[in-house]
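Below: one structure, written as structure tokens.
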Amino acid sequence: MNNLIQKFLIYDSAEISDALDSLNIDGALLGLKPIVGNVKMCGYAFTVKYAQYQVKPLEAHGAANYIDDVPAGSVIVVDNAGSDNATTWGDILTRVALNKHINGTVVNGAVRDIEFIIQSKYPLFTKHIYMRSGKNRVYLENTMCNVTINQVVIKPGDIIFGDMNGVLVVPVEYAKEVLNRAYNIKQTEEKIIQAVTDGMALSEARTLYRYDKPWLQN
Amino acid sequence: MNNLIQKFLIYDSAEISDALDSLNIDGALLGLKPIVGNVKMCGYAFTVKYAQYQVKPLEAHGAANYIDDVPAGSVIVVDNAGSDNATTWGDILTRVALNKHINGTVVNGAVRDIEFIIQSKYPLFTKHIYMRSGKNRVYLENTMCNVTINQVVIKPGDIIFGDMNGVLVVPVEYAKEVLNRAYNIKQTEEKIIQAVTDGMALSEARTLYRYDKPWLQN
Amino acid sequence: MNNLIQKFLIYDSAEISDALDSLNIDGALLGLKPIVGNVKMCGYAFTVKYAQYQVKPLEAHGAANYIDDVPAGSVIVVDNAGSDNATTWGDILTRVALNKHINGTVVNGAVRDIEFIIQSKYPLFTKHIYMRSGKNRVYLENTMCNVTINQVVIKPGDIIFGDMNGVLVVPVEYAKEVLNRAYNIKQTEEKIIQAVTDGMALSEARTLYRYDKPWLQN
């Protein structure tokens, strides 16, 4: 696995989010929930944008064939405008993704075949679960384009990170600085936890360890 | 168990939904979630319609006594207009349903006593979980009438099917044709899965096995 | 553990809610879900009220230092107006709460560090899960004040009860009468369950055991 991705996997979404906050970067993607328990996912965004058919097409199109082009180490980000009434991910795509060493998928929309996905432990984050196919309801508008989820822009190649709290995006040009700050934040929190476990008041521990600016080395 | 019901239980909700799609039948019931894990449910719809009291009644009515009339093999479909603030199902009804070999319950509304229901593994699908009773809040308006959930009409005696992806209704007059198409869809998907597992590109496998019309025999 | 709290823990939220209904008291708090499975929680309300910053502050404030003042046996009720986009509870507060023998927390808003909280089995009920910190987004407006969740008022010192069905508040001045009625309701329900298990029709069992007024001794 890629070195940068491995470094992100040391942290959790709270630490990375606090690092983004300290840089005034908005990276949290509201409303995306993990399907599989105890999951942690990180990879480079491969973006996919769907649009709804206005008229049902005469012929079905293989709207998910894009997966043949996704490189190992990616996280696929599927934007279907948060729609709850047609799925854009299921068991066949999950099997292909596992075979291709894709690191996970984020669906701004709905997914199906949850039982298989849970068994397979494939990292999947979604807004909705349903069973109705997207076939003949949505079409592939574009891949590797910018997509926007709840006002946050995701560029192809950005770092996508997910765990039990949800999903966030780290703009790839800030990846190293976010890692540096996440490291210091983690250190600060561990010192505070040790201090309160030893009986110190929380207010005192937070003052002592600079909870106001936990990304500073201390 | 009834022969038709047993045949449906071979499939999952995605396969049945795709068969319905191929017939242009809208059967997916948006927003209903399973309470119990690894669940699969099928049976004939016994429909129940509640309405809200406008004024709190002077006397309580046994709004759930209808269950004494529900035959074995049914799935009870309780329509309380999707309401989140009063329950129309709980532990006593679950115990009675288990005793009577009722196959499951779908609540377009809220349920309580989740802990017992999870333990009992009774197949229950609902929109909401809460603890406040429907007693003196709702009354039984009708049973064995047509009910509508998110614009989909359910007639008494229709096939109700549920699994981890959610719930759908198959109009009983289409049951056999849906089973025929679900069979072919399952075969097609298994061939595609085998092909991609063996390393074929998804686009190629889908063309080879007629993913555009998977309900055709091939 | 306090004697009154121990007595409440004999019952479940459905029984307590029915006792409140019989007294015409509205105590059910809509939309709060448990994070941890098989949970039952009871304690005295320690209320905390947050408000949103209109302008990002120049300096971070320790908005959660209130926890140093919370007595053992409390349930902390955090009101952040149901907001989904910034968390007001996480792993450090959970650790401090466990150390201080606080009985649980209810968040009308969002929480983070779910994975640790699930492991720790700390009773936590919330509307939303997310990872973005409330730091510099919300401030502590008040503690030990009345708070209102979905039109239900919670006073400091009221009894807060939660289980898998959700959370309710029992005004402390009604605690004993609610316990008396919950006792009778539980007896009535157990008799009905025994009767239907022995094969009696539900309608008959409910008439026999006065399901219309289950809080009466019978």
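I'd like to check something: does the range C:139-152 contain any residue that is within 19 Å of C:GLN6 (Cα to Cα), at pLDDT 95 or above and aliphatic (A, V, I, L, M)?
Scanning the range C:139-152 turns up no residue that is within 19 Å of C:GLN6 (Cα to Cα), at pLDDT 95 or above and aliphatic (A, V, I, L, M).
If a residue must be outside any loop (DSSP other than H, G, I, E, B), facing another protein chain (nearest Cβ under 9 Å) and surrounded by fewer than 24 Cβ atoms within 10 Å (Cβ to Cβ), how many such residues does the range A:73-110 contain?
5
Would the range C:90-100 turn up any residue that is in contact with a strand residue (DSSP E or B) (Cβ under 6 Å, 6 or more places away or on another chain) and hydroxyl-bearing (Ser, Thr, Tyr)?
no
Is there any pair linking a residue in the range A:1-20 that is modelled with pLDDT of 95 or more to one that is in a loop (DSSP other than H, G, I, E, B) and surrounded by fewer than 24 Cβ atoms within 10 Å (Cβ to Cβ), with Cβ under 7 Å and at least six apart or on different chains, and which?
A:ILE5/A:GLY73; A:ALA14/C:GLY90; A:ALA19/A:TRP215
How many residues are in contact with a Ser or Thr (Cβ under 9 Å, 6 or more places away or on another chain), at pLDDT below 95 and either surrounded by 19 or more Cβ atoms within 10 Å (Cβ to Cβ) or assigned to a loop (DSSP other than H, G, I, E, B) (or both) if we restrict to the range B:49-65?
Here the count works out to 3.
Considering only residues that are over 27 Å from A:TYR211 (Cα atoms) and polar (S, T, N, Q), look in the range A:1-44 and name the one that is surrounded by the most Cβ atoms within 10 Å (Cβ to Cβ).
My answer is A:ASN2.
The values are calculated or read from the model by the stated rules, or taken from the named source; none is laboratory data. Computed from a prediction, not measured in an experiment: that's the story for all the values here. As a convention, Cβ positions derive from the backbone with ideal geometry for all residues, glycine included, and neighbour counts pool all protein chains shown.
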